[in-house]
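The values are calculated or read from the model by the stated rules, or taken from the named source; none is laboratory data. Values in this document were obtained by computation on a predicted structure and should not be read as measured data. Don't worry about glycine lacking a Cβ; one is built from the backbone with ideal geometry, like all the others, and counts go over all protein chains shown. Each accessible area value is taken on the protein alone, full model and side chains, heavy atoms only, with ligands, DNA and RNA left out. Shrake-Rupley method; radii C 1.70, N 1.55, O 1.52, S 1.80 Å.
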Amino acid sequence: MPTQILPATRASPRTTRPFELTRFFSVTSLIGILVVTASLIWVYRELAVRHLIDHETRANVALTRAFANTVWSNYRDYVAASAGRSREQLVADPMVGRLRAEVLSKMNGLQVAKIKIYNLQGITVFSTDEKQIGEDKSSNAGLQAALNGEVASNISFRERFDAFEGVIANRNLIASYVPARHAADGPIEGAFEVYSDVTELLDKQEQARWQVAGLVLVVLSTLYAFLFFIVRKADRIIARQRRERDAKEEEIRHQAYHDPLTGLPNRAYFAERLQEVISMARRHDHTAVLMFIDLDRFKIVNDSLGHQAGDSLLQIVAERIRSCLREHDLLFRMGGDEFTVILPVVAAPEDAAIVARRITETVARAISIHEHELSVGATIGIAVFPGDGDSADALLKNADAAMYSTKENSRGGHSFYRAAMNQRASERLNIETALQKGFRNGEFALYYQPRVDTASRRVVALEALLRWIHPTRGVVPPGEFIGVLEETRMMIIVGEWVLRTACLQLRAWCDEGIRPLRVSVNVSPVQFENANFVAMVRRVVEETGVDPSLVELELTESLLIDNLQQAQQTIESLKRIGLHLSIDDFGTGYSSLNYLRLFSVDYLKIDRSFVTEIASSERGRAVATAIGEMARALDITVVAEGVETEAQARFFSGIHCGELQGFLFSRPLPAADVRPLLSNSIVLAAGGGPAPRWLQSPEQSPVAG
Ligand code: C2E
Ligand code: MG
Ligand code: MG
């Protein structure tokens, strides 16, 4: 038993996405590891550099102390007296040379790159780099700190540096400013600046830093991998538990909304669904139908054969009803032997009668249970929305009432709540039956209406138009029955017959030696949407042996626009067979030349209603002119349909319309009657008035129409 799918609103109450623990863990942990490692590298570097500076500063202080202890007393007077002296005087002072020799001998073998001495005014009074003697560095912050009794150091990278042992390149140097005193607690008498080269130390630190970072990364990654396995396992367990819980909830929900015997949705679910269907129908302006089905003679079976037989019978009946419905129709068991069916969308209320009839016929077929041949029936009451109530309760009540009144009159039948609907449904049924019979009895025929070339007024094509030659009613025009053929899908068979008959007629005319003419055939959406349509057309063209370029299919715009992509494919396939294609009734639908760009059609047939408007409206003429020009740009020939007056014919000649069709030239005629018009020498002339008027060309004698 195919169970019905619960609607989206019930089927998935949990719309939030489940938490993905493993993914969350992976992302956050990886980010964490990167952040920790990067921070560690940064902190390590900061600490190491600070430590290095401290260490080097202490070394430089010790160095200057040692220097001061041994030789400062020899030079303190020179430094004290340097205030106000020019660079030249300072450089020329013999003390500078002695100091230099002394410094070099003391610093030999140490990491010191340069030594400078400043006086209390911040003037460089000595430097191992002689060029710097005399420079004023009083604004230097480190020097100022040293002159105030503090030690200051900073580290810097130098691409090029004049050390006392020569120029050195790409080195990291620490410069320490140290106060110069004669005795440790004596007054400040100047300042030293000592540069020491720490490049190698820094390189070693850098190396150590990356080693530590690598180690940390390895440790954290191992930890991550370990935790990942735990988390993934936990995640899988949680997911499984979630699935089990969902399944259990689903089962509970299913039990609450379904009948355990037939598996069909039950009365509780019916009420909600009907309400939804009504809302949708109201919003989209649809017609919806509710059927109330009650089984006949079920009680007898139940009482005489027992409940088990009754249950089996209900299951079989439910399955049979389901088989009569379309995919989107809904079937419910209301309890006992009562069922309801909702048809959420129907084209016409009468369509429900077709479904109801199918159900009563199917249910009435014999059922064998426990070696008993049983026969039950179904009586159906039908309520239509809108019309028979605008609430779920009202519709149900009216469908129920319709069912009871049917039961009183005719068990095993169906009827609508409104009597008028029954009348219409039975008329529809009569037409349907008569059409089927008529088609079987060969009452269908094709009439042909000429399409003339605008310039020469000679027939260049014929449109095949379906007629039903009814034994008592006479010729029935297609407007009265095409709709029924389409709704019952009989149009698929009839449409094939039309194409085949038109092709055979074309073949016969060709065999008679008539010059090549195109025959156009109308295609209904039901045919076009059918999966076998292209194959059918190809088969008919092959079997009748006509030149495919003489066959034209007339399609309507709405048929193309409803499913653009599929229409494009079908059109490509039809073009590959070699057929011509036209858009029929242009001006009644979307009338979008923009869409036409997407389809490779050859003709555009402007609808009669539009052609009629031309005569009366300036605006209509402007639109028609624009259509003509745009169609020409797209290489599409315009055909004016329903041309009834010479004025209309002249207007369309003037806007480069390729062909004209209408009562002005000829009405649709049976094949035999249209035959005389097909000779090349015949010119169909206008004469005003709706009756067909055609004339012969000057070299022929007149032929009556
Ligand atoms: P259509 O394809 O637009 O056909 C043109 C209709 O306009 C025909 O009506 C034709 O008789 C009528 N007509 C042509 N010239 C004039 C005119 O000057 N004045 C007036 N008042 N009418 C004119 P018909 O034959 O009644 O067909 C009506 C519609 O039925 C067709 O419109 C077409 O859509 C459909 N149809 C006819 N035969 C078939 C068929 O074999 N298959 C399908 N799917 N539809 C068909
Ligand atoms: Mg047509
Ligand atoms: Mg038309």
task = For residues that are of a type in the set (Val, Ile, Thr) and modelled with pLDDT of 90 or more, scanning just the range 97-153, find the one that is most open to solvent (accessible area, probe 1.4 Å).
result = Val151
query = Restricting attention to the range 608-620, and to residues there that are surrounded by fewer than 19 Cβ atoms within 10 Å (Cβ to Cβ) and either outside the structural domain of Gln648 (by TED's automatic domain parsing) or within 13 Å of ligand 1 (Cβ to nearest atom) (or both), which single residue is farthest from Asn522 (Cα to Cα)?
reply = Ala615
request  = Give me a count of the residues in the range 513-536 that are assigned to a loop (DSSP other than H, G, I, E, B) and either within 17 Å of Ile561 (Cβ to Cβ) or acidic (Asp, Glu) (or both).
outcome  = 3
note = Residue count, the range 517-532, condition more than 14 Å from ligand 2 (Cβ to nearest atom), in contact (Cβ under 8 Å) with a residue 24 or more places away in the chain and open to solvent by 10 Å² or more (accessible area, probe 1.4 Å), comes to 3
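Quick grid of which residues meet (1) free of Cβ contacts under 8 Å to residues at least 24 places away in the same chain; (2) surrounded by 15 or more Cβ atoms within 10 Å (Cβ to Cβ); (3) within 20 Å of Ala671 (Cβ to Cβ); (4) in the same structural domain as Arg500 (by TED's automatic domain parsing):
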site	(1), (2), (3), (4)
Cys510	no, yes, yes, yes
Ser549	no, no, no, yes
Asp562	no, no, no, yes
Ala567	no, yes, no, yes
query = Do you know which of the residues in the range 471-487 that are open to solvent by 40 Å² or more (accessible area, probe 1.4 Å) and away from ligand 2 (no atom under 16 Å from the Cβ) is nearest to the chain's Cα centre (by Cα)?
reply = Glu487
request  = Would you mind telling me which numbered condition in (1) out of contact with any Phe, Trp or Tyr (no Cβ under 9 Å at 6 or more places or on another chain); (2) crowded, with 20+ Cβ neighbours inside 10 Å Arg358 fails?
outcome  = (2)
remark   = Checked the range 197-233 for anything under 30 Å from Lys114 (Cβ atoms) and either more than 53 Å from the chain's Cα centre (by Cα) or open to solvent by 90 Å² or more (accessible area, probe 1.4 Å) (or both); matches are Asp197, Val198, Thr199, Glu200, Leu201, Leu202, Asp203, Lys204, Gln205, Glu206, Gln207, Ala208
query = Do you know which of the residues in the range 573-590 that are more than 9 Å from ligand 3 (Cβ to nearest atom) and at pLDDT below 95 is farthest from the chain's Cα centre (by Cα)?
reply = Gly587
note = Inside the range 628-670, the number of residues satisfying the requirement of being touching a residue at least 60 places away in the same chain (Cβ under 8 Å), away from ligand 1 (no atom under 14 Å from the Cβ) and of a type in the set (Val, Ile, Thr) is 0
task = With the condition kept exactly as written, say whether any residue in the range 488-497 is open to solvent by less than 10 Å² (accessible area, probe 1.4 Å), of a type outside the set (D, E, K, R), more than 9 Å from ligand 1 (Cβ to nearest atom) and in a helix (DSSP H, G or I).
result = no
